[in-house]
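To start, the structure itself, in structure tokens.
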Amino acid sequence: MAITHSEKALAESRAAADEKLSGQVLAAMGEAHCATAQYDRALSYLDQAIAVKRQFRSGRHKNIGLAFSLVCRAYILGDRGQFDQAYLYFDEANSNLAGATHEIRATVQGWRGAVLLWQGHWVEAREAADESGRIAQATRCLTQLSIARAMSAYADWMLTNEP
């Protein structure tokens, strides 16, 4: 449903020649395709959205939308085993948030933790999950906090083999 509505919104934003709005819609489409594991389509939309968002970046404030598009791209690359590229996008996403205590930063750290878990980098995964958990707790995001704690506990268990 999100994809169908986004396609209509994209047509309307392009007809209105509203490049910023088109960038937002492209991002939403990429994020929706990422969520449904339609990675080739997601990357196409995310790349277009990232290009637009970078073009309009002023540097005066945190760019939450760009950060989320970047973290979606990073997650896809990690899921595809392109780990070095994934970490570059995670880092760029973090740099757009400038250390903010924001829910999207919890997502950046959480998804970085997931990619680290896939690689068996237990210590680093636990650190990323713990940071995600600290941010989630500060922003009162129970779902993100629960996921972060589960990832941290799994990494810890893999390190110690203790119940």
Answer with yes or no whether N63 is more than 17 Å from S132 (Cβ to Cβ) and in contact with a helix residue (DSSP H, G or I) (Cβ under 6 Å, 6 or more places away or on another chain).
yes
Condition broken by A125, with the remaining ones in (1) under 22 Å from D79 (Cβ atoms); (2) modelled with pLDDT under 95 satisfied:
(2)
Any pair with Cβ under 6 angstrom, 6 or more apart, that starts in segment 18-40 at a residue that is farther than 17 Å from R80 by Cβ and ends at one that is open to solvent by 50 Å² or more (accessible area, probe 1.4 Å) and of a type in the set (S, T, N, Q):
L26/Q48
Residues of segment 120-148 classified as more than 16 Å from E103 (Cβ to Cβ) and not aliphatic (A, V, I, L, M), total
7
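Is there a residue in segment 111-119 that is modelled with pLDDT of 95 or more, at negative phi and within 11 Å of the chain's Cα centre (by Cα)?
Taking segment 111-119 and keeping what is modelled with pLDDT of 95 or more, we get 111-119.
From what's left, at negative phi: 111-119.
Pick out the ones that are also within 11 Å of the chain's Cα centre (by Cα) and you get 111-112.
Checked segment 111-119: at least one residue is modelled with pLDDT of 95 or more, at negative phi and within 11 Å of the chain's Cα centre (by Cα).
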Residue hits (segment 32-84; in a loop (DSSP other than H, G, I, E, B) and over 22 Å from H102 (Cβ atoms)) are T36, A37, Q38, R80, G81, Q82
Look through A17, A98, A27 and report the one residue that is out of contact with any Cys (no Cβ under 7 Å at 6 or more places or on another chain) and closer than 22 Å to A136 by Cα.
A98
Exactly one condition in (1) more than 16 Å from the chain's Cα centre (by Cα); (2) open to solvent by less than 30 Å² (accessible area, probe 1.4 Å); (3) within 18 Å of I64 (Cβ to Cβ) is not met by L21; state its number.
(2)
Residues in segment 101-131 that are free of Cβ contacts under 8 Å to residues at least 40 places away in the same chain, of a type in the set (G, A, S) and surrounded by 16 or more Cβ atoms within 10 Å (Cβ to Cβ): how many?
4
With (1) farther than 14 Å from K62 by Cβ; (2) in contact (Cβ under 8 Å) with a residue 12 or more places away in the chain; (3) not aliphatic (A, V, I, L, M) as the list, and R134 as the residue in question, which single condition is left unmet?
(2)
Top-ranked residue of segment 81-100 - restricted to ones that are among the hydroxyl-bearing types (S, T, Y) and under 15 Å from G65 (Cβ atoms), ranked as most open to solvent (accessible area, probe 1.4 Å)
S95
Does segment 129-149 include one or more residues that are of a type in the set (S, T, Y), within 15 Å of the chain's Cα centre (by Cα) and under 24 Å from M29 (Cα atoms)?
no
Which pairs turn up if I take residues in segment 59-88 that are without any contact (Cβ under 8 Å) to a residue 24 or more places away in the chain and look for partners that are open to solvent by 10 Å² or more (accessible area, probe 1.4 Å) and among the hydroxyl-bearing types (S, T, Y) with beta carbon separation below 7 Å, at least 6 apart in sequence or on another chain?
L77/Y89
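The values are calculated or read from the model by the stated rules, or taken from the named source; none is laboratory data. Please read these numbers as outputs of a predicted model, since none were measured by experiment. Positions of Cβ are generated from backbone atoms using ideal geometry, with glycine treated the same way; all protein chains shown enter the neighbour counts. Calculation scope for accessible area: heavy atoms of the full protein, side chains included, ligands and nucleic acids excluded. Shrake-Rupley method; radii C 1.70, N 1.55, O 1.52, S 1.80 Å.
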